[in-house]
Ligand SMILES: [Zn+2]
């Protein structure tokens, strides 16, 4: 067994600065490359030889036929994580240290009070909608859209970032897990990468017009507050396809797209795939 006890961060930073063609200079052993900087909210994309078995903290990860695998770290994940690759008699282990991140506090006034403290009669609806979202994000497919260079679905002023602690109408609520992009109602939204539509809902209690796209291996993206959705469940989309329009439906104070990224139920930061706008 070969053990690589070092923190991988310096190698990954080098990889991030290189053009994609050269990023295959990997950390050695069975891991050929790893895209992304290990940090809370990050999605990482690994490449190994076909047929290699991969475990993260002892749990098996799906590996594509050509050797790609993905994993992500939640907002409050502090690490370290342990990645193990096995091929035949060969084993490589990597201890992954997570970079520290800090979070903003965001105060939002003027959202409808019933979306801050929902009335009792809305609770069953909220719970039903949450389970639809959970089910869509549990989709495990062999699609490969996660490997594409994600583009921004909408361009505009960033009005909310991943991870911020939020206070609605003076009351603390859950952290924000998306990126908010302000744009006029009706602005077209593009698919940031190819995938298949797994959820379409015209009017969820919190998120209004809501759409989820599966990009493969548990990676999904979610679009909230849409005024119009132009695709249906089961549709395949290509990167750049118009999937719907910006709106202000659900718990929103004005028209914007709230864009989210998940690895199964782990909520990630979409900017770890696009970089800054
Ligand atoms: Zn948002």
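Scanning region 170-184 for residues that are more than 16 Å from the ligand (Cβ to nearest atom) and either in contact with a helix residue (DSSP H, G or I) (Cβ under 9 Å, 6 or more places away or on another chain) or in a loop (DSSP other than H, G, I, E, B) (or both) turns up 170, 184. Could you pull out the residue among 257, 199, 261, 224 that is away from the ligand (no atom under 16 Å from the Cβ) and in a strand (DSSP E or B)? Among 257, 199, 261, 224, only 199 is away from the ligand (no atom under 16 Å from the Cβ) and in a strand (DSSP E or B).
Does residue 140 qualify as being under 30 Å from residue 63 (Cβ atoms) and modelled with pLDDT under 95? In short, yes.
Within region 186-196, can you find the residues that are within 16 Å of the ligand (Cβ to nearest atom) and outside any strand (DSSP E or B)?
Residues of region 186-196 that are within 16 Å of the ligand (Cβ to nearest atom), as a first pass: 187, 189, 192.
The answer is 187, 192.
Could you list, in sequence order, the residues of region 202-212 that are in contact with a helix residue (DSSP H, G or I) (Cβ under 8 Å, 6 or more places away or on another chain) and not in a loop (DSSP other than H, G, I, E, B)? Answer for region 202-212, where residues must be in contact with a helix residue (DSSP H, G or I) (Cβ under 8 Å, 6 or more places away or on another chain) and not in a loop (DSSP other than H, G, I, E, B): 204, 210, 212.
Can you tell me which of (1) within 12 Å of the ligand (Cβ to nearest atom); (2) free of Cβ contacts under 8 Å to residues at least 24 places away in the same chain is the one residue 230 doesn't meet? Result: residue 230 passes all but (1).
The values are calculated or read from the model by the stated rules, or taken from the named source; none is laboratory data. Note that the structure is predicted; figures quoted are calculated from it, not measured. In this analysis, Cβ positions are derived from the backbone assuming ideal geometry, glycine residues included, and neighbour counts consider all displayed protein chains.
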